[in-house]
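What follows is one structure encoded as structure tokens, with my remarks underneath.
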Amino acid sequence: MKFSKSSSFLLAAMTLAASTAFASGKHAGGHDNSTPGEPGIAANVTRTIQVDAADNMRFTPSDVTVKKGETIRFVIKNSGEVPHEFSLGTEQELKEHYEEMKKFPGMEHEEANKISLKPGQQGEVIWRFTKAGVVHFACLHVGHYEAGMKGQVKVSAR
């Protein structure tokens, strides 16, 4: 198939626009999400867990225990002076997304299992844990994950 100069230019411009839109700003649902569990419904919340995200690159608490079937409201407060995020997922999923964040460090999230928070901001993630095991959480801003800003949700069978 042969392209004219104008169609080649249009194709290149569309590709650039699509990659730029993905590379910055907010995105929702742009990832293959294999996070154990599912988005929770606020009316079904069984418990609220307060989580502090601080500039010492730690979450408090960093270890949480829930029961299979529970719907948890995580209320995350960024008590620091730099942006942080709270991202639930498998360890592999978080590591893969961290590599993406290194390429596009200005990325912000508005997904069911992720939230980006500016300094002093508070937000929430509501998640229903459907499988026993471990679900990880982390801040995937460049340098934060490597500095230890991560934790675990241990999901008991009952």
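General remarks:
- Calculated FRET efficiency for the pair SER62/ILE41, C-beta based, R₀ 41 Å, to 0.05: 0.95
- Between LYS102 and THR90, the contour length at 0.36 nm per residue exceeds the Cα-Cα span by 2.5 nm.
- The length gained on full extension between LYS131 and LYS118, counted as 0.36 nm times the residue separation minus their Cα-Cα distance, comes to 1.5 nm.
- Prolate/oblate/rounded call for region 115-156, Cα gyration tensor, a/c under 1.5 rounded: oblate
- Counted charge near THR48, where neighbours are those whose Cβ lies closer than 9 Å (Asp, Glu -1; Lys, Arg +1): +1
Quick note: the coordinates plus some simple rules give every number you see, no bench work behind them. Remember, predicted model here, so these are calculated numbers, not experimental data. All Cβ positions, even for glycine, are placed from backbone atoms using ideal geometry, and neighbour counts span all protein chains on display.
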